[in-house]
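This report concerns only the one structure given below.
None of the figures in this text is laboratory data; all of them are computed from the coordinates on show. Because the structure is a prediction, the values reported are computed rather than measured. As a convention, Cβ positions derive from the backbone with ideal geometry for all residues, glycine included, and neighbour counts pool all protein chains shown.
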Amino acid sequence: MLKITVLNAARVPHRAERTILVENNSNALDSRFMRAALDEAAAAAMRGEVPIGAVIVHADRIIARGYNLREENNDPTAHAEMIAIRAAAQQIGHWRLLDCTLYVTLEPCVMCMGAMILARIPRLVYACRDPKAGAAGSNYDFSQDERFNHRVAVTEGVLGDESSALLSGFFRRLREEKKAVRAARSSC
Ligand SMILES: [Zn+2]
């Protein structure tokens, strides 16, 4: 007798269900790898770049790292995630990054979520939200969009306070430096 099982593969968990999923997935390893992503973000800040860092983990091992290099490279696509995704694909020797988790200190933008979907990365962990440009839950949510051929499981809020403190400290210093330059000019 032929038995047919219908799998509802396209079913998208609603927000409350997703939150429970997120809590169960969050663990000490997530904090450890997010700490490594924060180190990358700090390296970006040292170069005068907006401090955003990313690492990609496969089999509990970091296989790629990246930090924002938009200013230095004069490249609008040089986001931490893009750099890490390219490095991971080189490391694995394939464009499909199956069984990988991407850790990033700020919620990815539409380009980076697009790249994650193209690379078939199954899981994303990010530290803090980006209400202006985030595409993994705040401004947009590409992670569970049925119009794409891939879903991304998302965990957010891992070391979120540390990441937002790093970002706000960077922008505060930038404002102070601009103010000092203006004051120096006006006293000439
Ligand atoms: Zn991005």
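For the reader, a short list of remarks on this structure follows.
- Environment charge at E49 (Cβ cut-off 10 Å; Lys +1, Arg +1, Asp -1, Glu -1): 0
- Under a 5 Å amide H cut-off, with hydrogens placed 1.01 Å from N, L106 pairs with G53, A127, C128 among residues at least 5 apart or on other chains.
- The stretch 54-168 shape via C-alpha gyration tensor axes, a/c threshold 1.5: rounded
- Peptide packing: for 133-142, 95-104, 56-65, the average count of neighbouring Cβ atoms within 10 Å per residue gives the ranking 95-104, 133-142, 56-65, highest mean first.
- Take 146-158, 114-126, 39-51 and order them by the average number of nearby Cβ atoms within 10 Å per residue, most first; the result is 114-126, 39-51, 146-158.
- Table column - 3J(HN,Hα) (Hz), the stretch 165-182, Karplus curve with 6.51, -1.76, 1.60, x for Gly and Pro: 5, 4, 5, 5, x, 4, 5, 5, 4, 4, 4, 5, 5, 5, 4, 5, 5, 4
- Whether the stretch 101-188 is rounded, prolate or oblate, judged on the alpha carbon gyration tensor where a/c under 1.5 counts as rounded: prolate
- Ordered by the number of other Cβ atoms lying within 10 Å of each residue's own Cβ, fewest first, V110, V181 fall into the sequence V181, V110.
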